[in-house]
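Asker: Starting off with a structure, shown below.
The values are calculated or read from the model by the stated rules, or taken from the named source; none is laboratory data. Quantities reported herein were computed from a predicted structural model and do not represent experimental measurements. Note: ideal-geometry Cβ built from the backbone for every residue, glycine included; neighbour counts use all protein chains shown. Just the protein is used for accessible areas: all its heavy atoms, side chains included, with ligands, DNA and RNA removed. Shrake-Rupley method; radii C 1.70, N 1.55, O 1.52, S 1.80 Å.
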Amino acid sequence: MRFTKNKRQHSKSKKGFSLIEIMIVMTLLGLIGTFAAQNFIARQQEGNRKGAKILMQQIRTSLDDYFRTCSSFPTASQGGLDALVSKPADGSCKDYDPNGYLKKVPKDPWGMEFIYDSQDGRKYILKSLGGDKKEGGEGNDKDISTEDQDF
């Protein structure tokens, strides 16, 4: 009989989690996971915007170097940004750096080509369409342009 009594005492001391306790823990873990994911996505979008500005600044530096040696910025007829990689075929730049000004024209962090426009070779606009990959947008989808005051 003693064996039976110990067995009963042992089974009474076993305690588990109730279904409600497990559901509360799962809900809390879900909420924490949601907040962490939102924070991660926001940081990633912010990083993409900063990365786009850094790439645009590198392109601007190359455009300035091109301007110093060629006395103008590349126009659409000269190939636009491609003129920073290889000499324009029209022969408009006599002192073109034989190594070019860029190894290759980078794409923005969203995988799109930067938009470049220079009509007269005296000024230009360099722009990324942002995360939504279309004109306009707000927040992290807002276009990034050299025309912006915060650039």
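Asker: Report every pair of residues separated by at least 6 positions or lying on different chains whose Cβ atoms are under 9 Å apart, first residue within the range 68-87 and over 18 Å from Asn99 (Cβ atoms), second in a helix (DSSP H, G or I) and aromatic (Phe, Trp, Tyr).
Answerer: Pairs that qualify, where the first residue is over 18 Å from Asn99 (Cβ atoms) and the partner is in a helix (DSSP H, G or I) and aromatic (Phe, Trp, Tyr), are Ser72/Tyr66; Phe73/Tyr66; Phe73/Phe67.
Asker: Which of the numbered conditions does Arg49 fail, given that it passes all the others? Conditions: (1) under 15 Å from the mean Cα position of the chain (by Cα); (2) part of a helix (DSSP H, G or I); (3) at pLDDT 95 or above.
Answerer: (3)
Asker: Can you tell me which residue is most open to solvent (accessible area, probe 1.4 Å) among those in the range 142-151 that are touching a residue at least 40 places away in the same chain (Cβ under 8 Å) and either over 17 Å from Lys107 (Cα atoms) or not in a loop (DSSP other than H, G, I, E, B) (or both)? Please lay out each step first, then the result.
Answerer: Narrowing the range 142-151 to residues touching a residue at least 40 places away in the same chain (Cβ under 8 Å): 144, 146, 151.
Of the ones still in play, those that are also either over 17 Å from Lys107 (Cα atoms) or not in a loop (DSSP other than H, G, I, E, B) (or both) are 144, 151.
On the way: Ile144: 2, Phe151: 58 Å².
Only one residue fits best here, namely Phe151.
Asker: Can you tell me which residue is modelled with the lowest pLDDT among those in the range 75-94 that are buried (at least 16 other Cβ atoms within 10 Å of the Cβ) and under 26 Å from the mean Cα position of the chain (by Cα)?
Answerer: Our first condition is that a residue be buried (at least 16 other Cβ atoms within 10 Å of the Cβ); within the range 75-94, this holds for 75, 78-81, 83-84, 87-88, 92-93.
If we keep only those that are under 26 Å from the mean Cα position of the chain (by Cα) as well, we get 79-81, 83-84.
Numbers: Gly79: 91, Gly80: 94, Leu81: 96, Ala83: 94, Leu84: 96.
If we take residues in the range 75-94 being buried (at least 16 other Cβ atoms within 10 Å of the Cβ) and under 26 Å from the mean Cα position of the chain (by Cα), then Gly79 is modelled with the lowest pLDDT.
Asker: Right, next: Filter the range 95-141 down to the residues that are among the polar types (S, T, N, Q) and not in a loop (DSSP other than H, G, I, E, B), then identify the one that is surrounded by the fewest Cβ atoms within 10 Å (Cβ to Cβ).
Answerer: Asn140
Asker: Still on this structure, please answer the following. With respect to Lys50, determine if the residue is without any contact (Cβ under 8 Å) to a residue 24 or more places away in the chain, within 22 Å of Lys142 (Cα to Cα), open to solvent by 80 Å² or more (accessible area, probe 1.4 Å) and in contact with a strand residue (DSSP E or B) (Cβ under 8 Å, 6 or more places away or on another chain). Steps first, please.
Answerer: Numbers: without any contact (Cβ under 8 Å) to a residue 24 or more places away in the chain: yes; within 22 Å of Lys142 (Cα to Cα): yes; open to solvent by 80 Å² or more (accessible area, probe 1.4 Å): yes; in contact with a strand residue (DSSP E or B) (Cβ under 8 Å, 6 or more places away or on another chain): no.
No, not satisfied.
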